[in-house]
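What follows is a set of notes on a single structure, which appears directly below.
The values are calculated or read from the model by the stated rules, or taken from the named source; none is laboratory data. Note that the structure is a prediction, hence the values are computed from the model and not measured. For neighbour counting, all protein chains shown are included, and Cβ atoms are generated from backbone atoms with ideal geometry for every residue, glycine included. Note: areas computed on protein heavy atoms with side chains; ligands, DNA, RNA excluded. Shrake-Rupley method; radii C 1.70, N 1.55, O 1.52, S 1.80 Å.
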Amino acid sequence: MAKQTNMELRQKMMYSLFVRNHTPEGTFAAVERDLDRILALGTDIVWLMPVQPVGVQNRKGKDGSPYAIRDYRSVDPAMGSMEDFRHLTGEIHKRGMLCILDVVYNHTSPDSWLIENHPEYFKRDSQGNTVTLVPDWSDIADLDYSAEGLWRYQIDTLKMWAEMVDGFRCDVAPRVPVEFWRMARREVEEVRPGAIWLAESTEKHFIKFIRDQKGYCATDSQLYEVFDICYDYDIWPAYLSYIKDRENFPLSLYLDEIEKQEGTYPENYVKLRCLENHDQDRVAHHVTNRESVLNWTAFCFMLKGTAFVYAGQEAMLAHRPSIFEKDTTDFASGEDLSAFIAKCADIKKTKLQADGVYGMFADDPHDTAYVWCKMGQACVLGIFSLKGYQGKLAAHVKDGAYENLLNEKTVRVENGTLLHDGFPVILKLDAASLLENELHKPA
């Protein structure tokens, strides 16, 4: 694990937005006007998707993907000037939030400044054409990290941005040598001590696909040598399998995949816990029942790691905006879950979430997940009805009255059961009240 990793990242909430789509104006100045609302959600870290100019050659859609960058060292003029960007990051900092910037170091657009000025920095086929190992990524050209001079240019670029931002979300991080990231982190630390490093790590099928073509692709375990946070794509296939087909993939199998992380990664690993992002369908696309969405949201916040919200998730939007053309997020068209997310974020910010011992258990017949976290005598137990079940459930705590931290109402446990009304439950209790022996599956 990166030696500098701050375990308080497990207490944080990250909010991701794409400037082009976040407002009708699509500018840095317009995002500034929304910062107070973003802060009120409980946001600690704002992740800005790429703000650089987009390439024209082989462009996908009318406006092109922000991940086909034309010039690493400038901003998209449609969003504003570099001074406007600097002002936005300053306003984020004034509100006590941190800001991380998306960096795309596996590739550039085919008409990038780097291709024009350093054609030797790119991988090419036998005819000298630029290439990409992923056929669907037809709007980009892969960089070649064996090229002399590329590392220096890329690291100097990071140091330039680090004067304004507090860290980086690194796109397709496994395709860039871990040794490059190690060197980059060491040098960025001189400019921005304590910078946050988030890797878009990937799932096993993509790793195998790349390696089968003799390409480089690092695993999460390798990335954790340098990065603070990795995506939870390693369990994403299990998430989709359960949410789409519980009959053949019950909840217990999904929770098993989450618990496997404890035996796979360093003791102080941090995962980005998300239900949706700009590359994946929204949770409200999969789950239309409001109570289920609330349960999924609280469950996700309860897991060990950094909580994540993608802009529009707080409005329970089902539409995932396009990143290839202007597609403004219509916050007013959904159901406002802001106060609920803020409550989840408030619970997340306790030291218990960073340093506590976690456990989980599935009640498959009722599609209910139990997640507990304890440290000393302090303990919380989450009971999440992920498919909207309402009725009696085993409580797995001693009989008595407990506070549901999510709505401050009293939950009564009698004869070992409680009545679940569909609203998610996080009980505040002392460790002695948790009947932990009941929360382990038989061997």
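Per-structure values
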read-out: Segment 348-357: number of residues that are open to solvent by 40 Å² or more (accessible area, probe 1.4 Å) and not in a loop (DSSP other than H, G, I, E, B); value: 3
read-out: Within segment 367-443, strands (runs of 3 or more DSSP E) holding 1 or more residues that are under 15 Å from residue 356 (Cβ atoms) and modelled with pLDDT under 95; value: 368-375, 378-385, 425-430
read-out: Single residue of segment 228-245 satisfying the filter (more than 14 Å from the chain's Cα centre (by Cα) and over 17 Å from residue 370 (Cα atoms)) that is most open to solvent (accessible area, probe 1.4 Å); value: 244
read-out: Where a residue in segment 1-22 is closer than 27 Å to residue 52 by Cα and its partner, wherever it lies, is part of a helix (DSSP H, G or I) and not hydrophobic (A, V, I, L, M, F, W, C), with Cβ under 8 Å and at least six apart; value: 12/348; 13/348
read-out: Tally, over segment 244-258, of residues that are outside any loop (DSSP other than H, G, I, E, B), closer than 18 Å to residue 289 by Cβ and either without any contact (Cβ under 8 Å) to a residue 60 or more places away in the chain or acidic (Asp, Glu) (or both); value: 1
read-out: Unique match (being closer than 29 Å to residue 189 by Cα and free of Cβ contacts under 8 Å to residues at least 60 places away in the same chain) among 32, 25; value: 32
read-out: Of the criteria (1) outside any strand (DSSP E or B); (2) surrounded by 23 or more Cβ atoms within 10 Å (Cβ to Cβ), which one residue 197 fails; value: (1)
read-out: Restricting segment 296-347 to residues that are in a loop (DSSP other than H, G, I, E, B) and among the charged types (D, E, K, R), the residue that is most open to solvent (accessible area, probe 1.4 Å); value: 336
read-out: Residue 374 touching a Gly at 6+ places or on another chain (Cβ under 7 Å), surrounded by 17 or more Cβ atoms within 10 Å (Cβ to Cβ) and charged (D, E, K, R); value: yes
read-out: Boolean, residue 223 is closer than 30 Å to residue 194 by Cα and either within 17 Å of the chain's Cα centre (by Cα) or open to solvent by less than 10 Å² (accessible area, probe 1.4 Å) (or both); value: yes
